[in-house]
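Comments concern the structure below.
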Amino acid sequence: MKSKYMTWILFEAIDAIIAKGVLDNKKIVLFGLNAPAFACKQYLQDKGYEIYAYVDNNGAAVGLFNDRTVEPTFHHMIGSRRIEAYSPGGLPNEYRDEYVFLLYSKYEGEMLAQLASMGYEQGVQAFVMGGFWKTEEIMKSYVPEGTGAVLDWDKEKKHQIEAVKYIQRLCDRHGLRVYIHYGTLIGAVRHNGYIPWDDDMDLCMPTRDLNKLIDIIREENGRYDVYYAACSKPCRHFIAKIEDKSTLMHQWDIPIELVGGLIVDIFPLGGMPGDYNEAMEFYREVTRLSWEYDNLVVEFPSASEEIDRRREELKNKILDYLAMYPFEESEYVFTVPDKPGSNRVYPRRIWDERAPFRFEREIFYGPAGYDEFLRIHYGGYMELPPENRRVSIHRNKVFALANVTENELEDAKNDSSKQKNDSYEQINVSRAHGNIPLSKNGQKTLLYYISLSDFWAYGERAVLKLKSSLATMANAQELNIVLLSEESLEPLLSEDKPSIYKEYISSINDFINENQPRVVRIPLGQQERATTMCDAFYGAPGEIMWEFMNSSKPVMVRSVDCR
């Protein structure tokens, strides 16, 4: 993967603002403790303008920036003066009429509204440096040399899913642990696939397992490659990016532009000291080092030997922290944070066992403690965000390579004929079929959806919850019941958790036999008919639940974890 700087977009906009004369004899305030602001600070300073302050709504970032125990980097200093950071409303009031604000962010509309509420007008005291959305249009028009057609979303998904299947097969073959993570995990739980406005896939692995996987992929030297801080230079993030070399992806995130294969992200999980207070102090130090490293990478496209030495020193320290404590012996684990104030510390028990999840038409594995992880990281993760936040945060475009044919793509795939094929659509399971009972004479038809992942996460508790739910529905004589479960539930349960399977299948069969003819089981392929013909939804969250909600039908989510 090749990287270069695209700060010229910002700098051209700054030159246009300078030409208006609005910065002369003013106290310039950069809105955002972020990469664009740091890059612009250096450019403005080289042009003879002095930055008065930064402002940011992230209190943790402001606190870390002002921390005098933290070694300052070049974006902290103007000569011998250290620049202060404030909340937007915390700037010294004595200079109120002298401030001019410069900003660049995807939240520019909200930031301008915030400044307007403080009496600062866009085009008078507040200026957008080019504009995030204007940059989007500029970069979308760029077509890298040697590429073919832009991949549509269905083809892009296919490449991503193939990559994850490849990673999961390699890990199974070599005894390595890999789990779906972050947006991919919440998508599997909430939507049985991609979050509708998301466009990438995230995995996580214990650090030592990830390092072994990287060695294996690089030794194969096949369809996939790796871009990661431990083996690539320069590399901004401590996330391993597995590249599909049969494609070319153009990705932009000012100030850095990347060109390489379509990627799947793998986050390393590092162990931590056993005492909680020591663990959090350890994490704060990683946060400080990570932020300094990131700032040094983004601010200096042409690094001096001193800056390059400091980058390497910081990078190696962070990699050492990730490998310092064995994952399996740690009570807490972490991933490197992307910004101050973000929490990336979790109990290790979340990953003690893995659970299968339906994702699109495949089965991928995630942590059995998924509910605890998602609650820590997202809070009420089953609630959809506001509509204005249902947008992709990733900026990229993916191309087919002009010299790669579909046949060559097929040949490039690793031979999986000897691997266990657990593709969702190829698992066959015998089950009772029946017609969906229609609502009549005041009777309503309820769809009861049973999720595979519950049994991995909660074991016997999930069986008890199932029995309780079935008993409740048995007493509701006015309801017709349609039972729907994932195709893979029974074969995977019977193979990996036979005692749980025995209780599960016995409970289901008894319920059906004792409540005929108002109960029927249907295969997942009939879910569209079920959504249309059933009056309400009950059971585990997933894609089917959202179909009922979109149809304005009653929904009640059954949670095994009743905390």
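Each reported figure results from applying straightforward, stated rules to the coordinates on display, with no laboratory input. Since we're looking at a predicted model, the values are computed, not measured. Here the Cβ positions follow ideal geometry from the backbone for every residue, glycine too, while neighbour counts run over all protein chains shown.
Some points to look at:
- Segment Asn550-His174, extension gain: residue separation times 0.36 nm, minus the distance between their alpha carbons: 131.1 nm
- Only one of (1) 89, 59, 41; (2) 84, 55, 53; (3) 79, 52, 45 was calculated from the structure for Cα extents along the principal axes in Å, and its label is (2).
- The chain, relative contact order [Cα under 8 Å, separation at least 6], %: 13
- Spatial separation of Cα centroids for the range 103-171 and the range 37-86, in angstrom: 25
- Measuring between their Cα centroids, the range 226-296 and the range 1-22 lie 26 Å from each other.
- The peptide list 456-465, 199-208, put in order of mean Cβ contacts within 10 Å with the highest first, becomes 199-208, 456-465.
- Measuring nothing but how far apart in sequence close Cα pairs (under 8 Å, 6+ apart) lie, relative to its length, the range 427-557 scores a relative contact order of 36 percent.
- Straight-line cross-link partners of Lys27 among the lysines, defined as a Cα under 21 Å from its Cα and at least 8 positions apart when in the same chain: Lys41, Lys47.
- Förster-model FRET efficiency, 35 Å R0, Ser80 and Glu12, C-beta, rounded to 0.05: 0.70
- Eligible lysines near Lys465 by straight Cα distance, threshold 18 Å, same-chain separation 8 or greater: Lys497, Lys502
- Burial order of peptide ranges 170-179, 117-126, 360-369 (average beta-carbon count within 10 Å, highest first): 360-369, 170-179, 117-126
- When the C-alpha to C-alpha distance is required to be over 31 Å, the pairs from Lys165/Lys467; Lys233/Lys339; Lys4/Lys134 that qualify are Lys165/Lys467.
- Formal net charge of residues neighbouring Tyr449 (Cβ-Cβ distance under 11 Å; K, R +1; D, E -1): -3
- Value of [θ]222 nm, deg cm²/dmol, for the chain, DSSP H segments ≥ 4, -39500 (n - 2.57) each, nearest 500: -12000 deg cm²/dmol
- Helix axis angle, 182-191 relative to the chain longest principal axis, alpha carbon, degrees: 30
- Here Lys140 is the anchor, and the aspartates and glutamates within straight C-alpha reach of less than 20 Å, apart from those fewer than 8 places off in the same chain, are Glu12, Glu108, Asp152, Asp154, Glu156, Asp198, Asp199, Asp200, Asp253, Glu257.
- Along its principal axes, the range 1-44 has C-alpha extents of 43, 21, 13 angstrom, given from the largest down.
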